[in-house]
1. All but one of (1) open to solvent by 10 Å² or more (accessible area, probe 1.4 Å); (2) polar (S, T, N, Q); (3) in contact (Cβ under 8 Å) with a residue 24 or more places away in the chain hold for S134; state the number of the condition that does not hold.
2. Tell me, which helices (runs of 4 or more DSSP H) lie completely within the stretch 246-358 with 2 or more residues that are farther than 19 Å from A89 by Cα?
3. On the given criteria, is L129 modelled with pLDDT of 95 or more, touching a strand residue (DSSP E or B) at 6+ places or on another chain (Cβ under 8 Å) and open to solvent by less than 30 Å² (accessible area, probe 1.4 Å)?
4. Could you please find all residues in the stretch 181-208 being near the ligand (Cβ under 8 Å from one of its atoms), open to solvent by 40 Å² or more (accessible area, probe 1.4 Å) and over 16 Å from K355 (Cβ atoms)?
5. If you check I362, I375, I324, I307, which single one turns out to be under 21 Å from V179 (Cα atoms), crowded, with 21+ Cβ neighbours inside 10 Å and not small (G, A, S)?
6. Can you find a residue that is within 24 Å of the chain's Cα centre (by Cα) and over 23 Å from E133 (Cβ atoms) anywhere in the stretch 200-209?
7. Test of understanding: among P93, P97, which residue is away from the ligand (no atom under 15 Å from the Cβ) and under 17 Å from E258 (Cβ atoms)?
8. Quick test for you: out of V139, V174, V198, V101, pick the one residue that is closer than 29 Å to K21 by Cα, touching a strand residue (DSSP E or B) at 6+ places or on another chain (Cβ under 8 Å) and either among the hydrophobic types (A, V, I, L, M, F, W, C) or assigned by TED's automatic domain parsing to the domain that holds V338 (or both).
Amino acid sequence: EWKFWRTQPVTPLGIKVAKGKNGPIEENKHIEQLKQEPYELPDGFSWSEINVSHDEQLKELYTFLNENYVEDNDNMFRFDYSMPLLQWALCSPGWTPKWHVVIRHTESREIAGFYSAAPIKIKVYDKELPMIESNFLCVHKNFRLRRLTPKLIAELYRRVNLSGIFQGVNTAGVLLPGVVGKCLYWHRLINVEKLLSVGFTQLGRRMTLQMMKEMYQLPKTTRVRGFREMRESDIPKALTLLTQYLKTFDLSPVLTQEEFQYLCQNRPNIVRSFVVEQENGEITDFVSYYHLLTTVLNHQQHKTLNICYLYYYAASRTSLSDLINDCLVEAHKSDCDVFNALDVMDNRKFFRQLKFGEGDGILNYYIYNWQCPRINSEKIGLLLL
Ligand code: EN5
């Protein structure tokens with residue numbers, strides 16, 4: 001068991017790390033000590049590249065992920081990252097095509113595997129260091145059980161190490177060595193009728209459709225005075241608020257203004273950000289969410305769910321429930337079917353009041369080549385796309 005993970009610098013499952021321990025598992029290596037050539041692949045597969053700035057290549061990657069990426073436990077739903085969302089997620093500041101790792105089936109040239117990374121500064125407990133965040137690890141359904149995943153992981157870190165970075169963060173639904181935190185998904189139903197029809201949720205006991213619709217109804221307009229879309233000129237103030245808040249967590253990004261602007265400025269159908277402006281012009285609160293479609297597998301009528309995910313926020317004046325409530329109103333206006341949030345940060349403080357319910361999905365957080373005690377979900381302040 002764990003034939004690959006036993007060769008990697010990760011804390012084995014079931015090992016409890018002592019309080020106060022917080023550092024690398026393996027020392028940084030000099031460039032000359034690192035493997036200079038790519039890992040060997042099984043016969044029939046070869047390393048390849050992809051240029052996601054070219055729409056044709058982006059489309060190929062989009063289709064690959066749309067058909068092969070993460071599904072829920074019961075294989076009823078699969079993530080459907082749109083082309084613009086993918087391009088945005090893959091090209092955050094500091095990105096490089098070297099870290100968009102592709103394996104192709106040599107004969108057919110089709111994509112057999114993919115893994116990506118981008119640089120980010122991470123604070124873990126009391127230490128700040130440059131890491132990568134990796135995402136979109138995926139092997140084609142027809143090429144599973146051929147040990148391509150270990151190759152993708154090892155090759156990605158080989159290239160990252162050659163750039164002088166030796167730690168990375170990522171998330172996964174499955175439980176693996178190197179885990180530092182476990183989070184749960186919560187859901188705020190919006191389009192009740194559609195969610196029932198596709199089996200995303202069931203009719204509550206002793207409830208009719210009408211009752212359930214009424215229960216989840218949302219007002220047409222926002223109610224926090226001064227709540228409005230974030231503009232470019234709000235960015236420095238919103239970042240100050242967020243930076244203050246993120247400091248309070250044991251795992252969080254340390255964002256430059258360029259990164260914050262890239263991640264949180266309004267982009268239609270990708271991310272939306274809002275602020276609360278007081279009458280004196282002061283910006284006191286900030287909240288954002290991103291749009292990620294989900295394919296409904298095997299359904300006659302509905303092919304896709306429009307899902308919004310709570311992203312970064314920071315509230316200094318408005319109560320969190322009021323802020324997120326207005327966020328729900330906005331999501332509803334943009335035709336969102338369900339609003340998702342993890343039980344990270346202070347999210348548990350508004351779940352009950354805003355009628356979120358616990359989902360059946362888990363999201364585990366990982367740090368590669370790092371040893372530290374486990375972090376509770378409410379001490380996690382990092383969100384990956
Ligand atoms: C990225 N690096 O499981 C890796 N979603 O709860 C990403 N469940 O949508 C890894 N199974 O609970 C992502 N409805 C891992 C997550 C993969 C996707 C996933 C879960 C999250 C999900 C839904 C549908 C379940 C369908 C059957 C769910 C019930 C919600 C309901 C709300 C109201 C109160 C009762 C429960």
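1. Single failed check for S134: (1).
2. By residue number, 320-333, 348-351.
3. So L129 fits the description; yes.
4. Within the stretch 181-208, no residue meets the criteria.
5. I375
6. Looking through the stretch 200-209, at least one residue is within 24 Å of the chain's Cα centre (by Cα) and over 23 Å from E133 (Cβ atoms).
7. P93
8. V174
The values are calculated or read from the model by the stated rules, or taken from the named source; none is laboratory data. Predicted, not measured: the structure shown is a model, and the values here were computed from it. All Cβ positions, even for glycine, are placed from backbone atoms using ideal geometry, and neighbour counts span all protein chains on display. Surface accessibility is based on the protein's heavy atoms, side chains included, excluding ligands, DNA and RNA. Shrake-Rupley method; radii C 1.70, N 1.55, O 1.52, S 1.80 Å.
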